[in-house]
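Asker: Dumping the structure here so I can ask a few things about it.
Nothing in this text is a laboratory measurement; each read-out follows from the coordinates by a stated rule. Remember, predicted model here, so these are calculated numbers, not experimental data. For neighbour counting, all protein chains shown are included, and Cβ atoms are generated from backbone atoms with ideal geometry for every residue, glycine included.
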Amino acid sequence: MKYVLITGVSTGIGLASAHYLLERGYGVLGSVRHQTDADRLRSELGSHFHPLLFDVCDAAAVAGARPQVEAIVGEAGLAGLVNNAGIAVSGPLALVPLERIRYQLEVNVLGVIQVTQTFLPLLGAQLPARTRPGRVINISSVSGAFAAPFVGPYCASKYALEALTDSWRRELLLYGIDMISIRPGPIRTPIWQKTIDKIETYPDSDYAPLLRQSEQMIRQSEANSLPAERVAKVVLRALEARRPRTRYIVAKNKLNFHLLFHWIPDRVADFFVRRAFRKMAQS
């Protein structure tokens, strides 16, 4: 049996990916932060799912999970690592408290580094190289290629993740390990509902009229979103493809995102953002 480790499997993309891989014969090890989630998922997902109790920011807990993983996967090691755990911090960069920005980067960037460093040896990062090295899949975002206003901390974390993916992929050529980025667009997951719940409108700031519209904009985006299972299918493709792409976009209008990323000049994008600001301020 091939084993894949997925971080953040309690909800959303992580849970959908766990379901999808288990249905296709994989063994799945999934990280959660709370024992109640571990118990729930063990019952829900069956005997080929193995919960791991750690927060990606907790170095000791991540390191402590490695012997548990080694005991489960044995000499075969891991076929894949899916770095999925993440959070989204929103607000104007001029006003978001530094500790919140720091936490955003701690989870979405340093957490990925910590988990990947810990489990790379089980993917084959040692010489002589394994004949079938594992793969690392980083769940990034379209926000790692286009930075929208008021989600600057989140965008910064995903831009950083894209850079890490490229640099690390090239370093891992030594072992034959591939590292792949998946960029979801709007996906129906709890992360954005959590963002709505934590929106700070900064009522005494110049941004207040615009921020009051943020919840509506997020809800509109959510209405046009894809189910998390669509990302899970791409996770499997990235794990099994003979020659996987370095990046996959998962969105309803992939062509629009390609145009936005590669062809629309920055000043043109700024123009449309400015026009949207004016409409929001008048509503």
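Asker: Can you list residues from other chains, or at least 5 along the same chain, whose modelled amide H is less than 5 Å from the amide H of Val250?
Answerer: Close amide H contacts, sequence-distant or interchain: Arg183, Gly185.
Asker: Under 24 Å between alpha carbons: how many lysine pairs meet that in the chain, if sequence neighbours fewer than 8 apart on the same chain are excluded?
Answerer: Taking the chain as the scope, the lysine pair count is 10.
Asker: Round to the nearest 0.05 the FRET efficiency obtained for His48 and His258 when R0 = 41 Å and r is the Cβ-Cβ distance.
Answerer: Between His48 and His258 the formula returns 0.65.
Asker: Here's something else I'd like to know. For the range 171-180, what does the Karplus curve 6.51 cos²θ - 1.76 cosθ + 1.60, with θ = phi - 60°, yield as ³J(HN,Hα) per residue in whole Hz, taken in order and with x for Gly and Pro?
Answerer: Using θ = phi - 60°, the values come out as 5, 7, 4, 4, 10, x, 7, 9, 10, 10 Hz.
Asker: Right, next: How big is the charge dipole of the range 3-282 about its Cα centre, in debye rounded to the nearest 20, if each Lys and Arg gets +1 on its Cβ and each Asp and Glu gets -1 on its Cβ?
Answerer: 1040 debye
Asker: Turning to a different aspect of this structure: Each residue of the range 18-27 in order: what ³J(HN,Hα) in whole Hz does its phi give by Karplus 6.51 cos²θ - 1.76 cosθ + 1.60, θ = phi - 60°, with x for Gly and Pro?
Answerer: In residue order, the calculated couplings are 4, 4, 5, 6, 4, 5, 9, x, 7, x Hz.
Asker: Taking the Cα-to-Cβ direction at Cys57 and at Tyr103 and moving 7 Å from each Cα, how far apart do the two end points lie in nm?
Answerer: Each label point lies 7 Å from its Cα, and together they span 0.6 nm.
Asker: Hey, another quick one. Select from Val109, Val268, Val62 the residue whose mean-square fluctuation is largest in a Gaussian network model of the chain (Cα-Cα springs shorter than 10 Å).
Answerer: Val268
Asker: Using only C-alpha positions, report the orientation-averaged shadow area of the convex hull of the chain, nm², one decimal.
Answerer: Dividing the Cα hull surface by four gives the mean projection, 15.4 nm².
Asker: Still on this structure, please answer the following. Can you tell me the 0 to 90 degree angle between the C-alpha axis of helix 59-73 and the longest principal axis of the chain, rounded to 10?
Answerer: 40 degrees
Asker: Counting only residues 5 or more places away or on other chains, whose amide H sits under 5 Å from the amide H of Ser31 once H atoms are built in the peptide plane?
Answerer: Ile6, Thr7, Gly8, Val9, Leu52
Asker: Next up: Only helical DSSP H runs with n ≥ 4 go in: add -39500 (n - 2.57) per run for the chain, normalise by residue count and round the 222 nm mean residue ellipticity to 500 deg cm²/dmol.
Answerer: -15000 deg cm²/dmol
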